Amino acid sequence: MTEQTAQGPLAGVRVVELAGIGPGPFAAMLLADLGADVVRVDRPGPPPLGPAPALDLTNRNKRSVLVDLKAPGGAGTVLDLVERADLLVEGYRPGVAERLGVGPDACLARNPALVYGRMTGWGQDGPLADRAGHDIGYIATAGVLDAVGGEPGGPPGIPANLLGDYAGGSLYLAVGLLAALHHARATGTGQVVDAAIVDGAAHLTTMLWGLRAAGHWQDARGTNLLDGGAPQYGVYRTADGGYMAVGALEPQFYARFAEILGLGDDAPDPWDVPRHAELRTRIAERFATRTRPAWTALFEGTDACTAPVLTAGEAADHPHLAARGTYVRHHGVPQPAPAPRFSATPAALRRPPALPGADTAEVARDWDVPALAAGPRGGPQAG
């Protein structure tokens, strides 16, 4: 199977993505990685905020067309694409797609089986629905940021924009689109998927809400089992300024951890909460006696549940991830490989990031949309 002919489990699924930034493009990339034919509708003019188009990896495995939705005929061209699509992804504020003529009503009128995916931070309704925002505000409001580890009495850590935009947003949108696609193919009836980051991020904390109900999770940062409150689940500095991550929760794993670290028989029991500070100090002192590479060599291949904290570049070279091909180099650019893995329909990196408008003529031919090649003003489009 060659790079260009490799297929994934979503081969044959057609997706229209209305260009945006952040979680919408990532959700569309996930579908594209799994084999869907994703056509990104870019607007004429400078690209949106972000890296240069050739390095915007969230646009890999896609094709791009140029359509000016504000020009005469622009909405009609997009609706021609929609008529031939299975899924649509948009990330505008509520009401914007409707004003542009490509809202759910217009799209479903043209294609009743379409699944229309909406990606926003606050959702399509509610008091904050039309307000601007970013990942950090969404997860703060959803009660998720407060649960991120940090020193007791101090601020929470900032988990990049992974918990909100991508975990609570992109992944929930992708799951919602595929669930609704299953329903549409069974019934012929499409629908709208309202994927709000606040909803998805809150949903991620379901287990913590169970612990909270049982009295095992407190609304006090750095005091719980999984937020750094337990000394056997945390991060420790090594002699060279590196860090080791410890997750030795179960008794058998902790015993192996304590043995390799050399804690000694007189170390406090990890479940003796009043002595947690003493045990944490003992662990920290031991880690401070060796470098990160030295500790890595001692813990590697054991069931002590202890690992070095690697940078992105270091992770790409880790022997285990290298053996699995977790990170790959495509068209000269290192990047994560598609995930998850499929035994019968493997996903692949088929195309580098789509350049705005570069595939307009090709998509016009493949999707049989003559107006696309003509352009909304009657002149030729790029590509």
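Using Cα centres only, tell me the gap between the range 209-225 and the range 342-360 in whole Å. If you average the Cα positions of each part, the centres end up 43 Å apart.
Which FRET efficiency value, to the nearest 0.05, is calculated for Thr291 and Leu226 with the Förster distance at 22 angstrom and r the Cβ-Cβ distance? In this case the efficiency is close to 0.20.
For Trp271 and Leu211, a Förster radius of 22 Å and the Cβ-Cβ distance give a FRET efficiency of 0.85, rounded to the nearest 0.05. Taking other C-beta atoms within 10 Å as the exposure proxy, Val309, Val198 rank Val309, Val198 from fewest upward. Considering helices alone, the calculated mean residue ellipticity of the chain at 222 nm is -9000 deg cm²/dmol, with DSSP H runs of length four and up weighted by -39500 (n - 2.57) and normalised per residue. Mind pulling up the Rg/Rh value for the range 1-103? Radius of gyration and Kirkwood radius, both on Cα. With Rh from the inverse mean 1/r over Cα pairs, Rg/Rh is 0.97. Specify the inter-centroid distance of the range 241-300 and the range 158-200, based on alpha-carbon positions, in whole Å. Computed from Cα coordinates, the inter-centre distance equals 40 Å.
As a proxy for reagent exposure, Met119, Met244, Met29 were ordered by neighbouring Cβ count within 10 angstrom, fewest first; the result is Met244, Met29, Met119. When only Cα pairs below 8 angstrom with a gap of at least 6 residues are kept, the chain shows a relative contact order of 21 percent.
For the chain, the Kirkwood estimate of the hydrodynamic radius, built from every pair of different alpha carbons, is 23.4 Å. For an R0 of 25 angstrom, estimate the FRET efficiency from the Cβ-Cβ distance between Glu250 and Ser343 and round to the nearest 0.05. That pair, Glu250 with Ser343, gives E of 0.25. Expressed as a fraction of 2.2 N^0.38 Å, the C-alpha radius of gyration for the range 59-178 is 1.29. Packing, as the average of other Cβ atoms within 10 Å across residues, places the peptides 12-23, 50-61 in the order 12-23, 50-61, highest first. With neighbours defined as other Cβ atoms within 10 Å of a residue's Cβ, the residues Trp295, Trp271 order from fewest to most as Trp271, Trp295.
For the range 233-322, the share of alpha carbon pairs falling in successive 10 Å distance bins from zero is 16, 52, 26, 6, 0 percent.
Read-outs throughout are calculated quantities, based only on the coordinates presented, and are distinct from any laboratory measurement. Note that the structure is a prediction, hence the values are computed from the model and not measured. Note that each Cβ is placed from the backbone with ideal geometry, even for glycine, and that neighbours are counted across all protein chains shown.
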